[in-house]
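Read-outs throughout are calculated quantities, based only on the coordinates presented, and are distinct from any laboratory measurement. Owing to the predicted nature of the structure, the values given are computational and were not obtained by experimental measurement. Note that we place each Cβ from the backbone using ideal geometry, even for glycine, and neighbour counts take in every protein chain shown.
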Amino acid sequence: MKKKGWKELPEGAIIEKVPTSQEFKTGSWRTQKPVWDPNKCTNCFLCWLYCPDSSIILKEVNGEPKVSGINYDYCKGCGICAEVCPPKIKAIHMEKEEF
Amino acid sequence: MSETLKVKQALTGNEAFAFAMKQINPDVVAAYPITPATEIVQIFSKYVADGEVDTEFVAVESEHSAMSACIGAATAGARVMTGTSSQGLALMHEVLYIASALRLPIVLAEVNRALSAPINIHCDHSDTMGSRDSGWIQIYCENANEGYHSLIQAVKIAETINLPVMVTLDGFIISHGMEVVETLETDVVRQYLGKRKPLYNVLDYENPIMVGPLDLTDYYFEHKRQQIEAMKKAKDVIEEVITDYNKRFGFDFPVFAEAYRMEDAEYAILSMSSAAGTMKEAVDVMREKGEKVGLVRLKVFRPFPYEVLQEFFKNVKAIGVMDRSDSVSTMGGPVFNEVRSALYDLDTRPRIMNFVFGLGGRDFPLSDALYIVNRVKELKEGKTLDFVEYVGVRE
Ligand code: SF4
Ligand code: SF4
């Protein structure tokens, strides 16, 4: 992307198009990726609760919330979701990321 | 029409500032009192309590908060003013940069006072000189009358170029001294200024924006370059506003600097603020003796009007630059350094020296003013002198 010169920037460095953080895809910072297994998942939502990047996607199925995957655009691979997923279930495990 | 609109009043510098603020009727004033500027806030808060202004007055617990509140209000499109002095301005220092970089036209009524330590409540210019690189326009007034009118002009200047402006008066000498101020009528001031047209409004929920983003290595430089350009353009704006104001209301205020008996001057003094009054007297005394000496009173220090000074000084042989603060650089005061730099490119460069005087409110009598003129005369005649002298200090 060609960066703007000083004559093209808005005065006062304001950003007119918001929210901007949605467009700033930070998932590429990841070195490990969480992999989620829908067949093991009990929908306890611990991963959703603990994910610091709001990267656990919930969807409504028959009026009930269900985990439906991981948003890799923002997931930074911290592994918290895999850590908090109950040990007997282990519906999330971490793998090495290859971009 | 202009004559009938003027009202003569006996006011101190602080009263003149507060009265101008009342007529301006800003949307928001956030301020904290500090000697010798206390009265500005005190008198203004009485106007608020008496319902003479519509202003939202924010009584804060420090100057850092005062400027922060001003910034918040200004981003929401409000016309915002504050007043301070010395340590108060120093405490605002960090946020001054934010106001200018966000291009907020905040107007600050400043009363010049020395910085601690030792604690001193009297006049010198160390406070505003400490903020000279903060991106604020700086206007130094000679007296209360000029302070009153400059504060009104400052609102126009600030809102035209979207940069903050501080207008200064010398502590106690002007802030507490009473003089005749020729004021405009309130309606005239309000009509002249109209409503502020903000660049943006952070409270506009229909059109959300983000103010004060992270810039890092990839855009910070571009935004600074843009701010520098605004400061360059501010010169035209200052000239337009003051010229138009003079024409509209029948005044004769100088734009960037005032030339006093400079027509055929062979040597000259450059002074700022109230000391220029004493200097004019010294120039008159010397002129009576047939000495071709003149005075330039520098009024706008930011943006620095180097072109104007080059023009004034192109034919003089020697100049004495007066500083009411010292940059403790062992190279003289801030005014001296900039004036000397401005004159470096002249075809025939005048000899130039610096006089640091009046620190911490030290009296500046006519005898000292005459001493300075005589020293510059010696410089003109070829004598070798130290490039900085400290006038009025005990050995
Ligand atoms: S690895 Fe971290 S960031 Fe990614 S989904 Fe799991 S908890 Fe969220
Ligand atoms: S923590 Fe494990 S079991 Fe619970 S919702 Fe997340 S993936 Fe499913």
* Estimated 222 nm signal from helices in the protein assembly as shown, with DSSP H stretches of n ≥ 4 weighted -39500 (n - 2.57), rounded to 500 -> -11000 deg cm²/dmol
* Please give the length that would be gained between B:LYS383 and B:LEU214 if that part of the chain were fully extended, namely 0.36 nm times their separation in residues minus their C-alpha to C-alpha distance (nm, one decimal). => 55.3 nm
* Structure fact -> Measuring from the longest principal axis of the C-alpha atoms of chain B, the long axis of helix B:63-75 (C-alpha) lies at a number of degrees, nearest 10, equal to 60
* To do: Using label points projected 7 Å from each Cα along Cα→Cβ, tell me how many nm separate A:LYS2 and B:GLU240, to one decimal.
  => 3.1
* **Dipole-positive endmost among B:LEU89, B:LEU385, B:ILE372 within chain B (Cβ charges, Cα centre)** => B:LEU385
* Structure fact -> Answer in debye to the nearest 20: the dipole magnitude of chain B about its Cα centre, from +1 Lys/Arg and -1 Asp/Glu charges placed on Cβ, is 580
* **Spacing of the two label points (7 Å from each Cα toward its C-beta) at B:SER367 and B:SER341, in nm** => 3.7
* **Per DSSP, loop trypsin sites (Lys or Arg not before Pro) in the range B:163-196 with at most 12 further Cβ within 10 Å** => B:LYS195
* Point-charge dipole on Cβ atoms (K/R +1, D/E -1) for the range B:262-395, about Cα centre, debye to 20 -> 60
* To do: Note the full-extension length gain between B:LYS195 and B:ARG349 as 0.36 nm times their separation in residues minus their Cα-Cα distance, in nm to one decimal.
  => 50.8 nm
* In whole Å, what three semi-axes, largest first, describe the equivalent ellipsoid of chain B built from its Cα gyration tensor (square root of 5 times each eigenvalue)? -> 35, 23, 20
* Asked: In percent, how large is the relative contact order of chain B, given Cα pairs closer than 8 Å and 6 or more residues apart?
  -> 16
* **Listed residue pairs exceeding 21 Å between alpha carbons, taken from A:LYS25/A:LYS90; A:LYS17/A:LYS66; A:LYS17/A:LYS76; A:LYS7/B:LYS235; A:LYS33/A:LYS90** => A:LYS25/A:LYS90; A:LYS17/A:LYS66; A:LYS17/A:LYS76
* Structure fact -> The alpha-carbon center of the range B:311-366 and that of the range B:184-211 are separated, in whole Å, by 40
* Asked: If you take the charge dipole of the protein assembly as shown about its Cα centre, with +1 on Lys and Arg Cβ and -1 on Asp and Glu Cβ, which of A:TYR74, B:GLN226, B:ALA282 is farthest toward its positive end?
  -> A:TYR74
* Structure fact -> Placing +1 on each Lys and Arg Cβ and -1 on each Asp and Glu Cβ in chain B, then taking the dipole about the Cα centre, the residue among B:ASN25, B:LEU298, B:VAL211 whose Cα reaches farthest towards the positive end is B:LEU298
* **Difference of contour (0.36 nm per residue) and Cα-Cα distance, B:GLU52 to B:ALA76** => 6.3 nm
* Asked: With +1 on each Lys and Arg Cβ and -1 on each Asp and Glu Cβ, how big is the dipole of the range B:39-137 about its Cα centre, in debye rounded to the nearest 20?
  -> 240
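What is the sum of charges around B:MET322, taking Lys and Arg as +1, Asp and Glu as -1, for the other residues whose C-beta is under 11 Å from the C-beta of B:MET322?
On the way: positive: B:ARG297, B:ARG324; negative: B:ASP323, B:ASP368, B:GLU389.
Surrounding charge for B:MET322 is -1.
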* Using distinct alpha-carbon pairs, which all enter the 1/r mean, Kirkwood radius of the protein assembly as shown in Å -> 25.7
* **Residue-count net charge about B:ASN207 - beta-carbon cut-off 11 Å; Lys, Arg +1, Asp, Glu -1** => -2
* **Crossing angle, helix B:86-101 versus chain B [Cα axis fit, 0-90 degrees, rounded to tens]** => 70
* First measure r as the distance between the Cβ atoms of B:HIS93 and B:ALA10, then evaluate 1/(1 + (r/R0)^6) with R0 = 51 Å and state the FRET efficiency to the nearest 0.05. => 0.90
* Determine the relative contact order of the range B:209-300: mean sequence separation of Cα pairs under 8 Å and six or more apart, normalised by residue count, in whole percent. => 29
* Positive minus negative residues near B:ARG261 (Lys, Arg vs Asp, Glu; Cβ under 12 Å) -> -4
* Show me A:62-75, B:366-379 ranked by packing, highest mean number of other Cβ atoms within 10 Å first. => B:366-379, A:62-75
* J(HN,Hα) series, the range B:364-375, from Karplus relation 6.51 cos²θ - 1.76 cosθ + 1.60, nearest Hz, glycine and proline x -> 10, x, 4, 4, 5, 4, 5, 4, 4, 4, 5, 5
* Which FRET efficiency value, to the nearest 0.05, is calculated for B:VAL328 and A:LYS59 with the Förster distance at 60 angstrom and r the Cβ-Cβ distance? -> 0.35
* So what is log10(I(q)/I(0)) for the range B:299-365 at q = 0.18, 0.19, 0.24 1/Å, when the Debye sum runs over its Cα atoms only? -> -0.70, -0.77, -1.09
* At what distance in angstrom do the alpha carbon centres of the range A:8-63 and the range B:31-99 lie from each other? -> 42
* Asked: Which ³J(HN,Hα) values in Hz, rounded to whole numbers, follow from the phi angles of the range A:50-58 under the Karplus curve 6.51 cos²θ - 1.76 cosθ + 1.60, where θ = phi - 60° and Gly and Pro get x?
  -> 8, 4, x, 10, 6, 9, 8, 8, 9
* Taking 7 Å along the Cα-to-C-beta vector as the label spot, tell me the B:LYS233-A:THR26 distance in nanometres, rounded to one decimal. => 3.4
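Suppose a student asked you for the relative contact order of the range B:42-95, using Cα pairs under 8 Å spaced at least 6 residues apart; what percent would you report?
Details: 36 pairs, mean separation 18.0, N = 54.
In percent, rounded to a whole number, it is 33.
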* Using a Gaussian network model of chain B with C-alpha springs under 10 Å, which one of B:MET272, B:MET67, B:MET353 is most mobile by mean-square fluctuation? -> B:MET353
* Structure fact -> A correct Karplus calculation of ³J(HN,Hα) over the range B:248-256, with 6.51 cos²θ - 1.76 cosθ + 1.60, θ = phi - 60°, whole Hz and x for Gly and Pro, returns 4, 10, x, 10, 9, 6, x, 7, 9
